[in-house]
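Just below is one structure, and these are the notes that go with it.
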Amino acid sequence: MLNLVSIVIGLFAFIAALVAFIPLLGWANWIIIPLAAVGLALGAMSSSNAGRNLNIVVIALGALRLTLGGGLF
């Protein structure tokens, strides 16, 4: 059950991270990364790795976008 919740959070965060790649929306990653971290914690508590791995990818994508945008844009 925790894995399913983690996957749902991860999918929502992934879609939001894709939207945050639009110029001037990079600030949204400051919200997306903590959300994905919650999903990562839930995925780590489950017996399956799919939710955990999805949230790791979303965190990496958000961190890359913040790095490219200088932390704000």
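The rows are residues; the columns are (1) in contact (Cβ under 8 Å) with a residue 24 or more places away in the chain; (2) surrounded by fewer than 13 Cβ atoms within 10 Å (Cβ to Cβ); (3) out of contact with any Asp or Glu (no Cβ under 9 Å at 6 or more places or on another chain).
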{"residue": "Ile7", "(1), (2), (3)": "yes, no, yes"}
{"residue": "Ala16", "(1), (2), (3)": "no, no, yes"}
{"residue": "Leu25", "(1), (2), (3)": "no, no, yes"}
{"residue": "Ile32", "(1), (2), (3)": "yes, no, yes"}
{"residue": "Ala44", "(1), (2), (3)": "no, no, yes"}
{"residue": "Asn53", "(1), (2), (3)": "no, no, yes"}
{"residue": "Ile56", "(1), (2), (3)": "no, no, yes"}
{"residue": "Ala60", "(1), (2), (3)": "no, no, yes"}
{"residue": "Gly71", "(1), (2), (3)": "no, yes, yes"}
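Put simply, of Ala20, Ala36 the only residue that is surrounded by 20 or more Cβ atoms within 10 Å (Cβ to Cβ), of a type in the set (Gly, Ala, Ser) and at pLDDT 95 or above is Ala36. Selection over the range 23-62 of residues that are out of contact with any helix residue (DSSP H, G or I) (no Cβ under 9 Å at 6 or more places or on another chain) and not in a helix (DSSP H, G or I) gives a count of 2.
The values are calculated or read from the model by the stated rules, or taken from the named source; none is laboratory data. Worth saying up front: this structure is predicted, and the values here are computed from it rather than measured. Ideal geometry is used to build each Cβ from the backbone, glycine not excepted, and the neighbour counts take in all protein chains shown.
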